[in-house]
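The values are calculated or read from the model by the stated rules, or taken from the named source; none is laboratory data. The structure displayed is predicted, hence computed values, not measured ones. Surface areas here come from the heavy atoms of the whole protein model, side chains and all, with no ligands, DNA or RNA. Shrake-Rupley method; radii C 1.70, N 1.55, O 1.52, S 1.80 Å.
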Amino acid sequence: QVQLVESGGGTVQAGDSLRLSCVFSARPLCKSWFRQAPGKEREFVALIAWNGGTTYYAEDVEGRFTISEDYDKNTVYLQMNDLKPEDTAVYYCAGSSHYSLIPREYTSWGQGTQVTVSA
């Protein structure tokens, strides 16, 4: 089982930025960020695969969030700019052996980190 450790969450004002980090114990093909707000299902945020050769974003974060990785450090990042109150959620990193946007198809999950954005 791949182990993941997230960090970088916090409380910020609308328009501010945060960078989340996730350290993997291995290098799964597909690494993604998901988020879950109270009363909502866990939703896809961003994906990176093929050693950074492929990225994909949810429509409501594209242009504001950037996913990247440091291959040598086994670390994936989520740079979040122009944060909005609706971005408030627990953010999770996850790994999968195949390309997917569906949470249940990911086999490795971090513990989650809280991001709170005030208006």
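Here K31 is the anchor, and the aspartates and glutamates within straight C-alpha reach of less than 13 Å, apart from those fewer than 8 places off in the same chain, are E6, E69, D70, E105.
Could you do me a favour and compute the accessible area per residue for the chain, 1.4 Å probe, result in Å²?
Values: 6120 Å² over 119 residues.
With all protein chains present, the chain gives 51 Å² per residue.
Hey, any idea what % of the range 20-85's accessible area is carbon plus sulfur with a 1.4 Å probe? The computed percentage sits at 44. Once backbone amide H atoms are built at 1.01 Å from N, D16 has L83 as its partners under 5 Å, excluding neighbours fewer than 5 places away on the same chain. Based on a Kirkwood Rh over C-alpha pairs, give the Stokes-Einstein translational diffusion coefficient of the chain at 20 °C and viscosity 1.002 mPa s in µm²/s. Roughly 153 µm²/s, to the nearest whole number.
Sequentially through the range 8-24, phi angles give Karplus couplings (6.51, -1.76, 1.60; θ = phi - 60°) of x, x, x, 10, 9, 8, 3, x, 7, 10, 9, 10, 9, 10, 9, 9, 9 Hz, Gly and Pro residues having no value and appearing as x.
Contact order for the chain, expressed relative to its length and based on alpha carbon pairs under 8 Å spaced 6+ residues apart, stands at 36 percent.
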